[in-house]
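The block underneath contains the structure these notes are about, expressed in C-alpha cells.
Every read-out reported here was derived from the displayed coordinates using simple, explicitly stated rules and does not represent laboratory data. Please read all numbers here as calculations on a predicted model, not as lab measurements. Glycine gets a Cβ as well: all are built from the backbone with ideal geometry, and neighbour counts include every protein chain shown.
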Amino acid sequence: MAGSRVVEVLESFHHGLTSTEADARLGRYGPNSLPEAKGVHPVLRFLSQFNNTLIYFLLASAVAAMLLGHAIDAAVIMAVVIANAIVGFVQEGRAEKALAGMQELIAPHSLALRDRQKRAVETAGLVPGDIVHLEPGDRVPADVRLLHARGLSIEEAALTGESVAADKQEREVDEGTALGDRASMGFSGTLVARGQATGVVVATGTQTELGRISGMLQKAVPLVTPLIRQMDRLGNRLTVIILAAGVALFAFAVLVRGFDWVEALIAIVAISVGAIPESLPAVITITLAIGVQRMARRNAVIRKLPAVESLGATSVICTDKTGTLTKNEMTVVHLFANGREFSVSGSGYEPKGAITPADVPEAIILCGLICNDARLYEESGIWEIAGDPMEGALLALSRKADVAADGWTRLDEIPFDAEYRYMAVLAEGPDGDCRAFIKGAPEAVIGLCPDMAMDQWAGAMDRASGEGERLLAFAAIDLPDTEHLSHEMLAGAHMLGLMGFLDPPREEARLAIAECRSAGIAVKMITGDHAGTAVAIARQLELADEPEALTGHAIEEMDDDALAARVESVDVFARASPEHKLRIVRALQSHGGIVAMTGDGVNDAPSLRQADVGTAMGRAGTEAAREASEMVLLDDNFASIVAAVHEGRTVYDNIRKVIAWTLPTNGGEAIVIVIAILMGFALPMTATQILWINLVTASTLGLVLAFEPPEPGVMQRPPRARDAPLMTGETIWRVVLVSALFALAALAVFFGAQAAGGDIALARTMVVNTLVVAEIFYLFNVRFLDGASLTWRGVLGTKPVLIALAVVIAAQLAFTYAPPFQAVFATRAMGIGESAVVIGIGIALFAVLEMEKWLRHRLLRGT
C-alpha cells in the first residue's frame, strides 16, 4: 500500500497527531511495549539460596546432629543456614530491583511529530498513526511504514537472520512479500545503520513483528559475576579441605585421644560449621549490588554487574570531548566571510547578543538557518533545543541577526554522514528559484567549491581552532528546476564563509581529571575535532602539562605495533573515526590497561564492546551504543565516569574487607577446637556455642562491611593490576596472624578462668564472649585497610556498624545472663572482673593489630 494511502487509513496526517488524539489511541491500542517476562516466584527464589555446596554441607551436618540426638545443635545449624538464605534472598531481590530500575532509567525515546512539532516521545507512548523520524543508530520504535527515506539501511538480523543491513525506500512493495524484502517497512527492535527517514507507525507493542516472536524477548541481565564464580570455587575447595580435615581429626579424636565418637562427631560438625564462610558469596553480591545503587545515584547506570569489578581497576579512560568534557551548549562566537572577521556576543542558546561589525552578510546566516533540523524553544524561561547543539546555535544566531527563512520551502536534503561530512538542503525561495545550502566540515565543504583553496582559510582556521573553537563551513549553489538532490550536483558550489563555535569545558570535568591524575588513571581525549581545537580544550581541562596530539591520518599510517608504542604518551586523538577508536582501545589494552571507553553512535559499538567498561551516553547516545556498553551515563558527564570509578574502588575495598574479616574470625574459632583435640584437653567451647558465634556475628558484623563508605585517599593510589589476585600475600598474612591471635586469646582466657577458680562453664562463657568481643574490635580495625583505625571517624563508626554492634551486644547479654539462654547453651553469668578481662583482651588485640598495620605499611610501602 502506498505511504499516502497508509496515512489515510490510519486517519493520520503528515504533520502528526495531536496530543489529544494520541492519548485516545493509547487507551485504545495500549502501550507500545512487550509484556514483561514473568519473574521467579519468591518461594522458588528463596529455595534457590540453598543450592550451594557449602549449604549442602551444613544441611548434612544438621541432619547428623539430629540423628545423634543433639536437637539443639541441629536447630542452631539450621538457624545459621536459614539466616544465610534470608540474607541471600534479600540481596538478590535488591540486585534485581536495582538492575530493573536501571533499565527504566534508560528507557528509549523517539522523535515524533505531535501538535505539528518534533517532540521526544517516550517509546511506550507511541500509537498507530504517529509520524516518527529515524536517525543513524536509532532503534526502530515500532513497525513503521516509511513515507520518506534518504540513504536508509536498517540492520534486521534479529528478525531475518541476514547479517547485511537492508536498504530501504518509500515505494510500496507487493502484498505477501517476504519479511526480509519489505523495503518500505521498518520493524520494531531493528537498528538504523545509516541514512534518515520519516515513517508512520502502523503497529505497536505485541502487534509488531517483534511482539509476535517470543524469541526476541531480551534475556535478563545475569547477576553472577567473575568474582562470585571465583568465590564459589573457593567455597567448594574449602568444603573439600574442611571435610577431609574433619574426617582425619575425627579419627584422631576417637582412636588416639579416646573421645566418645558421638561427642567427637558433634565437635567436628561444629568446627566445620564455624570454619565454613557460608555467608561470604552472599555478602560479596550484596556489596556489588550496593555499589550499583550508589553509582546510579551518581548518574552512572550499570547494565552488566561485572562492570563494577572492572571499574575499580580502571587505568585508562578514553572519552569524547563534546558534551562529556564540555557543556555541549554551543555558541557561535566568530564568523569569517568576505575576507572579514565578525564577533558574536552572548552564550548558550538564549538569542541575546550582537554581531560586531553589524553588517555581516546575511547569506551565511540564512544558509545555517535553512540547512538545519533543530528546533529552538523557550520553556520556563530557559532556552533549549531539540536536535543538534551546533544547529541550535545557528538558530540562536539567526535571531540575534534578525534573519528569517520566510518564503523558503525545503524540497529535498542530503543528511549528514561521517562518510562525506556535510549536510545539504535543497530549498525553493520566495522568487521560485531553487538553491542548495551546504554546511559541514571545512575540508569537505571547501572541496566542493572550485574557486576556493584550503590555504585561503588556513589563517582563520588556525586562529579559531587554537582558541578551542569548532568550525563549520557554509556554501550554496543555485540549482534551477531541480526537485531531487545528489552529491554530484553540489560540485561547483560558492563558499559563503566559516563560523567558529565555542563549547566551554565543564568545571566538574576539570576537577574529575585532576582526581584521575592523582589516582594514576590516564585520560585520553578522542574527538573528531581539529587537533588545535582539541588541544586547546585539553589545556583548559589540564588534561596534561603539555598535551600531545595524534591525528586520525597519522593513526592510519601506523601499524598496530607502532600505535601501541605511541598510544600511552598521547593525550589527544584528533580527527579520529570509530575505526580509530577501536584500534586505540586495543593498543592501550596491549599494555595491560583496564580501559573505560565512551561512545554515543552506532559506529562506536565495536570499540565499546572491545573496552573493559564500555560507557554509553544516556542523553545523546544511540540504542546501539547503549546495548554494546556495560555502563550508561544519564547526564553524559565525564565527572560521572570518575565517580563510578571511585565507587568501583570502594566496592573492591569492601570486598577485601569482608574477606579479611570473615576468614580469620572463622579460622580462629576452628583452631581453638583443633588444638584442644590434638592436645587432649577439654573443649574450650561446646559445639552449640560455636554455632551461636557463627549465627550471631556472620549475619551482623560480617554484613555491615558491605555498606562501608570509601576510605580517605581511595583516589590517591594507583589502579590495581588486571591480574591482581583477590587473596594477596598481604591478605593471607592477615588471615594467619588474626586467626592465631584469636586462638591464643581464647586459650589464655579458658585456662586463666579455670586457674582463677572458675568452673568450666564460666570459662567457656568467657571464651565465647572473648571471641565475639575480639571480632567486634577487629571489625573496627579492618574497616580501614590502608590507614589508621584509631581516629574520630573510625571510633564513631557508621550507622550500619552501630546497628550491628547494638544487636550483637544485646544478643551476647542474653547469651550470658538470660536464664533460657543459659539453659540452652550451658553458660554462666560473668562478673564485672570477668567482663573487664574480656573487654581488655579486645582492646589489646585492637592495639596489636593497629601496630602491625602501621609496621607493615612502613616496611612494605615506606609510608
Estimated [θ] at 222 nm from DSSP helical runs (n ≥ 4, -39500 (n - 2.57)) normalised by residues in the chain, nearest 500 = -15500 deg cm²/dmol
Theoretical gain in end-to-end length, Glu483 to Ala386 [0.36 nm per residue, Cα-Cα removed] | 32.2 nm
To one decimal place, what orientation-averaged projected area in nm² is obtained for the convex hull of the Cα set of the chain?
-> 43.5 nm²
Between Asp786 and Asp561, take the C-beta separation as r, use R0 = 25 Å, and let me know the FRET efficiency to the nearest 0.05.
-> 0.10
Given a Förster distance of 30 angstrom, what is the FRET efficiency for His15 paired with Ser343, based on the Cβ-Cβ distance and rounded to 0.05?
-> 0.15
Expressed as an acute angle from 0 to 90° and rounded to the nearest 10, what is the orientation of the C-alpha long axis of helix 729-755 relative to the principal long axis of the chain?
-> 30 degrees
Arg539-Ala354 FRET efficiency (beta carbon distance; Förster radius 35 Å; 0.05 resolution) | 0.75
Once you put a point 7 Å from the Cα of Arg421 and another 7 Å from the Cα of Met851, both along the Cβ direction, what distance in nm separates them?
-> 6.9 nm
With Cα atoms, 0 to 90° folded angle of helix 507-518 axis to the chain main axis = 50 degrees
So, with points 7 Å from each Cα along the Cβ direction, the Phe50-Arg517 label distance in nm works out to 5.9 nm
Counting Lys +1, Arg +1, Asp -1, Glu -1, what net charge surrounds Arg5 among other residues with beta carbon under 13 Å of its beta carbon?
-> -3
So which of Lys352/Lys581; Lys321/Lys352; Lys327/Lys400 end up more than 29 Å apart, counting from Cα to Cα?
-> Lys352/Lys581
Counting Lys and Arg as +1 and Asp and Glu as -1 over every other residue whose Cβ sits under 14 Å from the Cβ of Tyr349, the net charge comes to -3
Length-normalised contact order for the chain - Cα pairs under 8 Å, 6+ apart - percent = 12 percent
Work out how much length Ala740 to Ala818 would gain on full extension: take 0.36 nm times their residue separation and subtract the Cα-Cα distance, in nm to one decimal.
-> 25.0 nm
Approximate spin-label separation Ser590-Glu627, in nm, with each point projected 7 Å along Cα-to-Cβ | 3.1 nm
What is the mean projected area of the alpha carbon convex hull for the range 348-391, to one decimal in square nanometres?
-> 3.6 nm²
Give the cross-link partners of Lys168 among the aspartates and glutamates, using a straight C-alpha distance below 14 Å as the criterion and excluding same-chain residues fewer than 8 apart.
-> Glu135, Asp143, Glu155, Glu156, Asp181
How about Lys304: which aspartates and glutamates have a C-alpha closer than 16 Å to its C-alpha, ignoring those fewer than 8 places off in the same chain?
-> Glu92, Glu96, Glu104, Asp612, Glu623, Glu627, Glu630, Glu647
quick shape note, the range 723-793: Cα extents on principal axes in Å, largest first -> 53, 30, 13
Quick one: helix 19-29 against the long Cα principal axis of the chain, what's the angle to the nearest 10°, folded into 0 to 90?
-> 50 degrees
Relative contact order %, the range 331-502, counting alpha carbon pairs below 8 Å whose residues are six or more apart = 23 percent
With contacts defined as alpha carbon pairs under 8 Å and 6 or more residues apart, what's the relative contact order of the range 354-449 in percent?
-> 23 percent
Using eta = 0.692 mPa s and T = 37 °C, Stokes-Einstein with Kirkwood Rh from Cα pairs puts D for the range 301-453, in µm² s⁻¹, at 183 µm²/s
Between beta-carbons, use under 13 Å as the cut-off and find the net charge around Ala804, counting Lys and Arg +1, Asp and Glu -1.
-> 0
Want the number for Arg212 to Ala810: 0.36 nm per residue separation, take away the alpha-carbon distance, what's left?
-> 209.4 nm
